[in-house]
Amino acid sequence: AGRSVLQGRAPAAPAVPRELTSYRDIVKKILPAVVSIESRAKAARTRPRLRAPVEDQQLPEEFRRFFEDMQRNTPDDDDGPGRVGFGSGFIVDPRGVILTNYHVVNGADEVEVRLLDGRKYVSRDIKTDPKTDLAIVRVKPKGALPSLEFGDSAGMEIGDRVLAAGAPFGLTGTVTNGIISAKGRALKMNMYEDFLQTDAAINPGNSGGPLINLEGKVIGINAAIKSRSGGFQGVGMAIASNLAKNVMQQLLKDGVVRRGYLGVQIQDVDSPELASRLGLKDPSGVIVTRVFEDAPGAKAGLKSGDVIVSLGGKPVKD
């Protein structure tokens with residue numbers, strides 16, 4: 001009889017991994033370290049409160065609309081005439097180091113940082129790198145703050161699931177989810193770029209917040225969206241964490257980012273005909289079209305007409 005009862009039972013449903021049904025554990029881990037940032041100037045500024053990372057004429061129309069919409073939709077009714085921006089950020093060092101976007105703090109004399117638990121810090125210790133649209137803010141907490149670790153953005157693949165956290169439209173503690181839609185995007189928004197594209201919802205106010213992998217590590221810094229309306233349409237951009245980490249370390253050490261350069265003009269070897277003339281089997285690499293006098297490239301012996309096919313042992317595709 002016992003066997004017949006057991007045989008009549010429905011088979012037990014297989015356990016569904018938590019990450020397929022909820023992101024709650026990751027969210028509980030990351031949100032305490034995500035902050036909102038309000039930037040202020042000593043006096044009212046006549047220029048826009050929030051500026052795009054590059055001059056308007058260089059910025060695609062969709063991105064210009066995004067920054068304009070961000071200005072209109074961040075609350076500023078009780079903060080006085082000195083407000084210049086609002087956005088997000090995240091704590092990268094429990095001693096009080098916060099990473100955000102340059103355009104969130106651009107023009108600010110001081111910033112107010114708010115944690116999810118209600119704690120507030122005002123700081124004038126701001127270091128920026130406009131060429132990558134990144135900035136750090138230091139605050140002085142009495143004890144250790146919750147912080148996030150960096151992940152390896154290069155190790156992310158298209159289709160990997162991610163979470164975006166921040167304060168869209170001033171709504172602090174907001175989390176959205178999606179996937180990595182593309183890698184290595186270059187949008188000509190900044191001088192130095194490496195964007196991860198995601199369909200996780202990113203809206204005005206999300207700028208500077210983290211893009212998180214399912215290990216709870218930062219693999220990107222939410223920077224912009226591409227849309228016709230200025231609102232979310234499924235195409236968000238995040239600065240790759242590997243680029244951001246390098247910039248952050250230099251800002252922490254020296255307060256500025258120092259970069260090497262070659263001092264040459266180049267163009268792609270992008271046609272079979274050009275590749276054949278240069279003795280290459282396939283279109284790949286770049287051809288040097290000009291070497292500037294006394295630049296590092298000239299001192300190293302580069303000459304106009306040289307073809308660069310590898311750099312540091314890694315192939316140069318374009």
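Observations on the structure shown:
- Evaluated over the Cα positions of the stretch 260-315, the convex hull gives a direction-averaged projected area, one quarter of its surface, of 3.9 nm².
- Counting only protein heavy atoms and using a 1.4 Å probe, the accessible area of residue 192 comes to about 90 Å².
- For residue 150, the residues whose amide H sits under 5 Å from its own are 218, ignoring neighbours fewer than 5 places away on the same chain, with H placed 1.01 Å from N.
- Peptide packing for 95-103, 168-176, 28-36 was compared via the average number of neighbouring C-beta atoms within 10 Å per residue; ordered from the highest value, the list is 95-103, 28-36, 168-176.
- Per-residue SASA entry for residue 257, accessible area with 1.4 Å probe, Å² rounded to 10: 30
- Built amide H within the under 5 Å cut-off of residue 235, gap 5+: 226
- For residue 126, the solvent-accessible surface with a 1.4 Å probe is about 40 Å², rounded to the nearest 10.
The values are calculated or read from the model by the stated rules, or taken from the named source; none is laboratory data. As the structure is a prediction and not an experimental result, all values here were calculated from the model. With ideal geometry, Cβ positions are generated from the backbone for all residues, glycine too; neighbour counts draw on all protein chains shown. Note: accessible area is taken over every heavy atom of the protein model, side chains too, but ligands, DNA and RNA are not part of it. Shrake-Rupley method; radii C 1.70, N 1.55, O 1.52, S 1.80 Å.
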